[in-house]
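The next block holds one structure in the form of structure tokens; read it before the comments.
Nothing in this text is a laboratory measurement; each read-out follows from the coordinates by a stated rule. A quick note: this is a predicted structure, and the numbers were derived from the prediction, not measured. Every residue, glycine among them, receives a Cβ derived from its backbone with ideal geometry; neighbour counts consider all protein chains shown.
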Amino acid sequence: MKSITRGTLAAVITGVAAAMGAAATPAAAVDAVPVPVPLGGAEAALGTELPEVDGQLPLPTAGVPEPPRFVKGRLLPERTVPRLPVDGGLPGLELRAPLAHALDDGFDHVGVGVPASDVRSLTPGLALDAPLTAPRPGELPALKQPELAVLAPVLRTTPGADLTAGPGLR
């Protein structure tokens, strides 16, 4: 292949990769997707005030797995199947409902806000060791008890909620 053809091909591949990277960047920067619930048509059809509902769906993102650690005296690394960190969140919800007065035509409101909260987790992992000792100079590996351990998953979050009530619809 001529050098001009290789240069042209490299420029085209670089341009396509840059365009794909630019297109993927805004989507990757989003932590949660807003989910509005349109109730305007039902309000008009029923002739009454309905609750306002908005939500957020968080997008999970995978992290970098823990690297294997080699330990002296073992044939296999300490974490044979490493745990993978996954960050995401619990969905959020915003609900605001009208509360009619019993004695007149006015309205108050009551609202519940559950913000999207972060969730940090680690997937389960596996640690095992071969049923042989590590080789030593001048000796053959000896038999030993095999080792197997399941690394438990980890889940951390701090959810919260707000309850509000007040005069008027907003």
*Rank these for me by crowding, Asp104, Asp31, going from fewest to most other beta carbons within 10 Å.*
Asp104, Asp31
*Using mean Cβ contacts within 10 Å as the protection proxy, how do 47-58, 77-88 order, highest first?*
77-88, 47-58
*So if R0 is 22 Å, what FRET efficiency would Arg156 and Glu78 give, r being the distance between their Cβ atoms, rounded to the nearest 0.05?*
0.45
*Mind giving me the FRET efficiency for Ala149 and Ala62? R0 is 25 Å, r the Cβ-Cβ distance, nearest 0.05 is fine.*
0.60
*Using a simple spin-label model with points 7 Å from Cα along the Cα→Cβ vector, what separation in nm is obtained for Leu103 and Ala45?*
3.7
*What is the distance, in nm, between label points placed 7 Å from the Cα along the Cα-to-Cβ direction at Leu140 and at Leu95?*
7.1
*Fewest Cβ neighbours within 10 Å first, please rank Leu103, Leu163, Leu151 accordingly.*
Leu103, Leu163, Leu151
*Work the Kirkwood hydrodynamic radius out for region 61-170: mean of 1/r over every pair of different alpha-carbon atoms, inverted, in Å.*
18.9
_Theoretical gain in end-to-end length, Asp87 to Leu126 [0.36 nm per residue, Cα-Cα removed]_ = 12.0 nm
